[in-house]
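Below is one structure, written out as structure tokens; the observations come after it.
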Amino acid sequence: MSSYFFDTSALIKRYHREPGSEWVMATCNSRIRSRFFISHVAYVESVAAFRRLGRINGYHHSFVETMIQSFRRDFALSDPARPKPRHVIIPVSSGILDLAASLCDTYWQARPAPLRSLDAIQLACGITASRLTTDTFQFVTSDIRLGSIVPAEGLATVNPMFTSPP
């Protein structure tokens, strides 16, 4: 079995058709049972991203609401009390924030750019998720800057924009 951590830049491709959506949808809809981890902060980031996409692209309000409601439904289906949660949600705890701050200290001079605060939280959640599984683990991001830092933390990374569907 494989496990994946999706940061928000990759996760929204499941709900909004854009480059990389084909890989994300094929991976998430695969008949092969995989575990999907996301950060709790993805809830806020995703809603903001859908609103931004609607504003930038001039989408009708109902289209944006449909994307948001689909995402919220999947998030609700990620309740750990469910027999098969859609995602494993990594909570943003004080330990995650401490790790994120440490990552910011480590990568403040990273190229092509330093690690940003929310990306540090995403990476800290991804590192934590990788410790919760013995499966093959991949950190999925469409963020070029974050994707350039992830391997330095010993995690395999996938950018769905540049990867063929499974």
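The table that follows gives values for the structure above.
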{"quantity": "Subset tally (residues that are assigned to a helix (DSSP H, G or I) and within 10 Å of the chain's Cα centre (by Cα)) for region 14-42", "calculated": "1"}
{"quantity": "Any chance Val92 is among the aliphatic types (A, V, I, L, M) and in contact with a Lys or Arg (Cβ under 7 Å, 6 or more places away or on another chain)", "calculated": "no"}
{"quantity": "Selected residue (criterion: nearest to Ala49 (Cα to Cα)) from residues of region 82-116 that are assigned to a loop (DSSP other than H, G, I, E, B) and hydroxyl-bearing (Ser, Thr, Tyr)", "calculated": "Ser93"}
{"quantity": "Out of Asp119, Asp79, sole residue that is within 23 Å of Arg51 (Cα to Cα) and either in contact (Cβ under 8 Å) with a residue 24 or more places away in the chain or outside any helix (DSSP H, G or I) (or both)", "calculated": "Asp119"}
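One line per residue, one yes/no per condition, for (1) buried (at least 16 other Cβ atoms within 10 Å of the Cβ); (2) within 29 Å of Pro114 (Cβ to Cβ):
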site	(1), (2)
His61	no, no
Arg73	no, no
Ile90	yes, yes
Asp98	no, yes
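No value in this document is a laboratory result; all are computed from the given coordinates. As the structure is a prediction and not an experimental result, all values here were calculated from the model. Cβ sites come from the backbone with ideal geometry, for glycine too, and all protein chains shown count toward neighbours.
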